[in-house]
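Written below as structure tokens is the structure these notes are about.
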Amino acid sequence: GPILVPVLGDQLTRTLASLRGRTKDDSVILMMEVWDEATYVKHHKQKIVLIFSAMRHFAQELRDAGWTVDYTRLTDKDNAGSFTGEVARAAERHNPRAIHIVEAGEWRVQQAIEEWPDKFDCKVEILPDDRFVCSIAEFGDWAADRKTLRMENFYQEMRKKTGLLMDDGKPAGGQWNYDKDNRAPPKDGMSAPARPKPEPDEITREAMDLVEAEFPDHFGDLGRFQWPVTRDEAETAADAFFAERLPDFGTYQDAMVHGQDDLFHSMLSTSINLGLLDPMELCRRAEDAYRNGDAPLNAVEGFIRQLIGWREYVRGFYWHHMPDLESANALNAQRGLPEFYWTGETDMRCLADCIRSTRENAHAHHIQRLMVLGNFALLAGIKPREVQDWFLVVYADAYEWVELPNVAAMILYADGGKLASKPYAASANYINKMSDYCKDCAYSASKKTGDGACPFNSLYWHFMDRHRDRLESNHRIGRIYANWDRMGEDKQQDYLDTADAFLRTLTPAKSGWAGD
Ligand code: FAD
Ligand code: DLZ
């Protein structure tokens, strides 16, 4: 029989390791829409449309290029509902002499795949996913030698390994990291150039109908669906980013403007994670823009750091710390996720805007995820599991390997500091400086306690106070306890009472949105 090549929904890459070197007359490519994947959390409607539409387009492209593609649709009568079940059915149909598959992005799926050699009669080869710069084994070696893992050290290794922004073995411009030039607040009335928004074609519209019929109770709107679903569309999106937004990407990387959902971000994460775009190719294009004088170093270095630094680092970190990472709760946070994360119904204008964008676009940009949605969950002490599920559901770019380290470790400090040296906790001051959210908010950013004070202010001290034992000895944070002690007991009590009063107003989410 032929070689059976299952291609998973986030492996939509023509040069995938399992496809390279295969011949068209000797291989059957298997693609599977399955209920297990569509429902292991109740994904945002746009996320399911994106993945199904991109899978269907990819299958079509492969067929047009002469490959044999066996494609299971979600509603096919005998659909077994899982990858393993569908591979078993395909093995009966094709009687393959071997199965070749690239390792899964997610732990849950990889566990299932590792049982295939025992389950199936033919040889099963599981290949490393070489779309990443750093393999899981290489990250393991790097991590094994170290007491603490830090992105910055890892990133420097990746710069040397790839040669990106290197001049004779030294970092371009003399420094590895220009993050300090990437923190400008937004200018008044700032907006970014509009980006190309591909119109849904027939395949996408069909996927939309399917999702409205099969997943009507999932979170999110479909009306503004505008994600690239093919490699061509993704390339068009990348071209526009490099031409129009990269030069300002660095400077305004941390800025937030009410109603401006993209700013100067690339909006390429969905395409990269699906495999439609190659992150190394994007990095080389960014470097070219710097070398040609089309974009400044702080923008190009910042962009490259996100891709070969953060993206690779969190992926290595995930495999290094799974499965424990999923249940980590170092700060013993026990509060349920507030209902407003789903409805957007809160008077806190920053949160309401981030949640609106999340519902309408299945997207929020990095600093909204980190310093608004994440910061609130950290300070309010929301249970990691509920925050993790929310982030996995709501973003079109969310796969557990990238979502979980960002949520459990980066925003919630649930790993106790293995990923980052301190919690990203901030009061209203930070949000006020980096955005225009506060000026029309029902709460006052400058008011610290009592009625009308921004809850971030009191929650910040409530958080610091309740985790004093753990955080005081942290040299990057410990100093702030001197400020707390200087306030005196009355002021401290004001903060704690204000925070407690606010926390009592939070209604926990009705179950059902996250799906359990
Ligand atoms: P840009 O700002 O243009 O950045 C360029 C690229 O860098 C992104 O496309 C992405 O591939 C990569 N990148 C940037 N930051 C990170 C990071 N922290 N980790 C990994 N890659 C990064 N990203 C996801 O792809 N999927 C997720 O599920 C996800 N969940 C997140 C949850 C939280 C709490 C936080 C704080 C961040 C999360 N991120 C996630 C990272 C980041 O927010 C998104 O990658 C980014 O907002 C995507 O938009 P963009 O393509 O315009 O990014
Ligand atoms: C997220 C997702 C969804 C919603 N549906 C499918 C699917 O039906 N078929 C598929 O192959 N992949 C799907 N995915 C993406 C998978 O969950 C993703 O490939 C895993 O992260 C693999 O580890």
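The values are calculated or read from the model by the stated rules, or taken from the named source; none is laboratory data. These numbers come from a predicted model, not from an experiment. Cβ sites come from the backbone with ideal geometry, for glycine too, and all protein chains shown count toward neighbours.
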Kindly indicate whether any position in segment 300-307 is free of Cβ contacts under 8 Å to residues at least 40 places away in the same chain, closer than 30 Å to R146 by Cβ, hydrophobic (A, V, I, L, M, F, W, C) and away from ligand 2 (no atom under 16 Å from the Cβ).
yes
L50 is checked against (1) at pLDDT below 95; (2) within 11 Å of ligand 2 (Cβ to nearest atom) and fails just one. What number does that condition carry?
(1)
Verdict on R359 being more than 14 Å from ligand 1 (Cβ to nearest atom), under 20 Å from N432 (Cα atoms), surrounded by 17 or more Cβ atoms within 10 Å (Cβ to Cβ) and among the basic types (K, R)
no
When you go through (1) hydrophobic (A, V, I, L, M, F, W, C); (2) closer than 26 Å to A144 by Cα; (3) away from ligand 2 (no atom under 16 Å from the Cβ) one by one for M371, which number turns out not to apply?
(2)
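Could you please find all residues in segment 7-18 being more than 8 Å from ligand 2 (Cβ to nearest atom) and closer than 21 Å to R89 by Cα?
S18
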So which of F139, F154 ends up being within 17 Å of W401 (Cα to Cα) and surrounded by 14 or more Cβ atoms within 10 Å (Cβ to Cβ)?
F139
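Of D490, D397, D436, which residue is away from ligand 1 (no atom under 16 Å from the Cβ) and under 30 Å from the mean Cα position of the chain (by Cα)?
Every option except D436 fails the conditions.
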Identify the single condition in (1) in contact with a Leu (Cβ under 6 Å, 6 or more places away or on another chain); (2) not assigned by TED's automatic domain parsing to the domain that holds F154; (3) not aliphatic (A, V, I, L, M) that E326 does not satisfy, given that it satisfies every other one.
(1)
Counting just the residues of segment 309-358 that are closer than 30 Å to S444 by Cα and of a type in the set (D, E), which one comes out nearest to the chain's Cα centre (by Cα)?
D353
For segment 308-333, name all the residues that are of a type in the set (V, I, T) and more than 16 Å from ligand 2 (Cβ to nearest atom).
I308
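Each row is one residue, and each column tells you yes or no for (1) in contact with a Leu (Cβ under 9 Å, 6 or more places away or on another chain); (2) buried (at least 18 other Cβ atoms within 10 Å of the Cβ); (3) of a type in the set (D, E, K, R); (4) under 24 Å from F242 (Cα atoms).
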| site | (1), (2), (3), (4) |
| --- | --- |
| G302 | no, yes, no, yes |
| G309 | no, yes, no, yes |
| Y318 | yes, yes, no, no |
| M322 | yes, yes, no, no |
| A333 | yes, yes, no, no |
| M348 | no, yes, no, no |
| A364 | yes, yes, no, yes |
| I367 | no, yes, no, yes |
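Being under 30 Å from A104 (Cβ atoms), part of a helix (DSSP H, G or I) and in the same structural domain as K161 (by TED's automatic domain parsing): is that true of S271 here?
Considered against the rule, which asks whether it is under 30 Å from A104 (Cβ atoms), part of a helix (DSSP H, G or I) and in the same structural domain as K161 (by TED's automatic domain parsing), S271 comes out as yes.
Let's see how each residue does on (1) within 13 Å of ligand 2 (Cβ to nearest atom); (2) over 29 Å from A213 (Cβ atoms):
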| site | (1), (2) |
| --- | --- |
| G1 | no, yes |
| F58 | yes, no |
| D64 | no, no |
| W67 | no, yes |
| T84 | yes, no |
| P96 | no, yes |
Residue list for segment 200-245, restricted to those being among the β-branched types (V, I, T) and assigned to a loop (DSSP other than H, G, I, E, B)
V229, T230
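Per-residue answers, yes or no, for (1) within 30 Å of D436 (Cα to Cα); (2) within 13 Å of ligand 1 (Cβ to nearest atom):
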residue	(1), (2)
F225	yes, no
D232	no, no
A237	yes, yes
F241	yes, yes
Y252	yes, yes
G259	yes, no
N273	no, yes
G293	no, no
N298	yes, no
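For every residue, the table says whether it meets (1) touching a Pro at 6+ places or on another chain (Cβ under 7 Å); (2) within 23 Å of F241 (Cα to Cα); (3) not polar (S, T, N, Q).
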{"residue": "R146", "(1), (2), (3)": "no, no, yes"}
{"residue": "R159", "(1), (2), (3)": "yes, yes, yes"}
{"residue": "Q175", "(1), (2), (3)": "no, no, no"}
{"residue": "P196", "(1), (2), (3)": "no, yes, yes"}
Among the residues that make up segment 105-128, is at least one of them assigned to a strand (DSSP E or B) and without any contact (Cβ under 8 Å) to a residue 24 or more places away in the chain?
no
